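The values are calculated or read from the model by the stated rules, or taken from the named source; none is laboratory data. None of these values were measured; they are calculated from a predicted model. Here the Cβ is made from the backbone with ideal geometry for all residues, glycine too, and neighbour counts use every protein chain on show. Heads up: the accessible areas ignore ligands, DNA and RNA and are worked out on the full protein's heavy atoms, side chains in. Shrake-Rupley method; radii C 1.70, N 1.55, O 1.52, S 1.80 Å.
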Amino acid sequence: MEKIALVTGATSGIGKATALKLAEAGYSVIITGRRWHLLAELEKQLIQKSRVLALSFDVSNNEEVNHAIDKLPEEWKNIELLVNNAGLAAGLSSIQNGDIEDWEKMIDTNVKGLLYVTKKIIPMMISHKRGHIVNIGSIAGKEVYPMGNVYCATKYAVDALTKAMRIDLLEHNIKVTGICPGMVETEFSLVRFKGNKENAKTVYDGLEPLKAEDVADVILFAVTRPSHVNLNDIVITPTAQASATNVIRKK
Ligand code: NDP
Ligand code: 8X3
């Protein structure tokens, strides 16, 4: 039977790697993100492997989310897997020096965006009496690190929502999994440091970070367990990272 997945933030990093692995595993994949040209490129790649639909919307804009999901063609409406991956860190500052626009962007994307998308997809899963929601949290949602304040708060919120969804959706046979990576080299740091490549590169100096594909492998494993098995919460770090602040770097 056809399995349909929707991946948010598929234009880059973990979301893109996940969309590719899901397509290779036989899922029909709805890829989403704001950068249409990157979605179009990925669509060309995926179409070789599976059925694909590209949808461009901003997860933090509830009207855009509603419009995009409401307009889904009938043959794409039976979404069985939702990967809530779109997210970002904006800035790295103490709370006293934080930028309110950065805070709003992180809260609007990582928390409200995840909720807007999930709210639209859950009714499809309830009506089909099955589904799987994978929320991409972070080790930043397990422990707070210096200057991580609001980003950490949004990922703690994702952790809480993952637990809450698992409880509320239990009666509907919907699995909910939290995936919490440590350092993954993607566009994440470039976005956090607003395009400053030097600063972004420094984050991974002297260590081998995770690749987006490493996280995508874990997501694929979690969503391909038998129907009676659910992985609740997975923390994945590079071998060189023991916690948010304990990393070992080669000189
Ligand atoms: P990337 O910056 O490479 O990818 C982020 C993705 O999110 C992009 O596809 C981007 O697409 C999308 N996105 C961001 N804002 C929005 C928005 N408002 N609406 C729609 N899509 C949006 O980073 P990662 O792949 O690393 O990040 C993916 C997730 O993993 C995030 O939730 C992040 O917090 C989490 N994470 C990352 C870690 C890391 O070290 N890299 C570690 C732990 C967790 P576009 O710009 O086209 O909209
Ligand atoms: C991203 C990883 O360590 O920058 O969620 O918080 S970290």
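Compute the separation of the alpha-carbon centres of the stretch 206-221 and the stretch 69-130 and state it in Å as a whole number. The stretch 206-221 and the stretch 69-130 have Cα centres spaced 21 Å from each other. Across the protein chains, with a 1.4 Å probe defining accessible surface, the residues W36, W103 rank W36, W103 from largest area downward. Rounded to the nearest 20, the Cβ-based charge dipole of the chain about its Cα centre (Lys and Arg +1, Asp and Glu -1) stands at 400 debye. Measuring only protein heavy atoms, the 1.4 Å probe finds V235 accessible over about 80 Å². For I234, the accessible area of its heavy atoms, probed at 1.4 Å with every protein chain present, is near 30 square angstrom. Think of a 1.4 Å ball rolled over the protein heavy atoms: the chain then has 50 Å² of accessible area per residue.
On the protein heavy atoms, probe 1.4 angstrom, tell me the percent of accessible surface of the chain carried by carbon and sulfur. Using a 1.4 Å probe with all protein chains present, the chain comes out at 54 percent carbon and sulfur.
What fraction, in whole percent, of alpha-carbon pairs in the stretch 4-236 exceed 24 Å separation? Considering the stretch 4-236, 41 percent of its Cα-Cα pairs are separated by more than 24 Å. Taking every protein chain into account, the 1.4 Å probe leaves H128 with about 80 Å² of accessible area, to the nearest ten.
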